[in-house]
Amino acid sequence: MLTLGIETSCDETSVAVVADGKWILSNIILSQVEHKKFGGVVPEIASRAHLKTIVPIYRQALQEASITLDDIDIVAATMGPGLVGALLVGLTFAKGLAFASEKPFVAVNHIEGHLAANLLKHHDLAARHLTLIISGGHTMLVEVKTFGEYELLGQTKDDAAGEAFDKVAKLLDLGYPGGAQLDKLAQQGNPDYVRFPRAIMKDQGYQFSFSGLKTAVALHIKKLTPEQLDRHRADIAASFQEAVAEVLVTKTLKAAQERNISDVTLSGGVAANSRIRQLLQERLKQAGKRLLYPPNELCTDNAAMIAAAGYYRFEKEGASEFIVNAVPYLRLE
Ligand code: KG4
Ligand code: ZN
């Protein structure tokens, strides 16, 4: 079964072809560079850029997979969460293709897509597992009972993990989005340079909070002269990253132990972070548990993960109605 996946929820235009929800035949990703000079994603610019590129990217995805539309069995697209105008481009394009070619259309939850990125890579992942979804828009600890059945254990009360990375990266003049650059810079820094606050919030279970940490970094930077900031940029990056990693890892390990879950996955853009991967790997290993995460190109937004999620959704409950609309604040459960 070949699934065509389409993703346009934010600033990546992506189209992919995936076989049986497991094998990637093509996964074309175009990251919009138009937003860089604004220091953040401008919704109207994102929608217009998707409109311009969706058809060529679609053609390229078919070409790279060496197939035509006739060979496709399912057409899947992200319906939310995301920017409504951006979502509508991919969703409407997918509906049009499916309707005209009389193929089933499947609307996909973007968060479930991130989760499904692991299914593309780890074919032996236990159906019941724990996943930490960390992206630009979300920070969620979720128990997956089986694909499609989720229990949300906790989420962020304020900033998402990726948002915190991007805001601190901005404070350190690393550009936007600066999460990956911050990760790279932190590798040359001292994580013990400043002990930034860790919002473990023992009384609040698996809830997260990152806005206090972001403010602590901002206040610290404010006290430095430009020379001091230049000298300690990598140290601040490493110290901030260490605080984020420690909070995420502490809560994830606790959930895995309390719920007796042996397979743990990371998903979402921040799952590419080297320190979070390393620390979680270490702690889970000590506890006799296994950590799995997607390769970097499947951590950030891409259509292969949407195709995979679409395939498993279709297996579970068949096609979606064509009247499905974009839902900017769509939830996972
Ligand atoms: O999943 P994603 O592509 O978009 C959303 O659905 O939100 O995640 C993008 C986020 C951005 O905040 C970006 O800075 C962050 O993932 N990111 C990283 C790394 N690579 C990407 N954050 C920390 N370390 C990284 N290596
Ligand atoms: Zn995403």
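Looking across segment 252-272, the residues that are closer than 30 Å to Gly175 by Cα and open to solvent by less than 10 Å² (accessible area, probe 1.4 Å) come down to Thr252, Thr265, Leu266, Ser267, Gly268, Ala271.
Remark: Ala243 matches the filter, which requires a residue to be among the hydrophobic types (A, V, I, L, M, F, W, C), under 14 Å from Val194 (Cα atoms) and either open to solvent by 10 Å² or more (accessible area, probe 1.4 Å) or in the same structural domain as Val194 (by TED's automatic domain parsing) (or both). Is it fair to say Ala100 is in contact with a strand residue (DSSP E or B) (Cβ under 6 Å, 6 or more places away or on another chain), modelled with pLDDT of 95 or more and not polar (S, T, N, Q)? Here the answer is no, as Ala100 does not meet what is asked. Counting the residues of segment 13-62 that are part of a strand (DSSP E or B) and either open to solvent by 40 Å² or more (accessible area, probe 1.4 Å) or over 30 Å from Lys121 (Cα atoms) (or both) gives 6.
Which one of these does His122 not meet: (1) under 30 Å from Leu280 (Cα atoms); (2) open to solvent by less than 20 Å² (accessible area, probe 1.4 Å)? Against the list (1) under 30 Å from Leu280 (Cα atoms); (2) open to solvent by less than 20 Å² (accessible area, probe 1.4 Å), His122 comes up short only on (2).
The values are calculated or read from the model by the stated rules, or taken from the named source; none is laboratory data. Only a predicted model underlies this, so the values are computations on that prediction, with no experimental measurement involved. Neighbour counts run over all protein chains shown; Cβ positions are idealised from the backbone, glycine included. Side chains included, ligands, DNA and RNA excluded: accessible areas come from the protein's heavy atoms. Shrake-Rupley method; radii C 1.70, N 1.55, O 1.52, S 1.80 Å.
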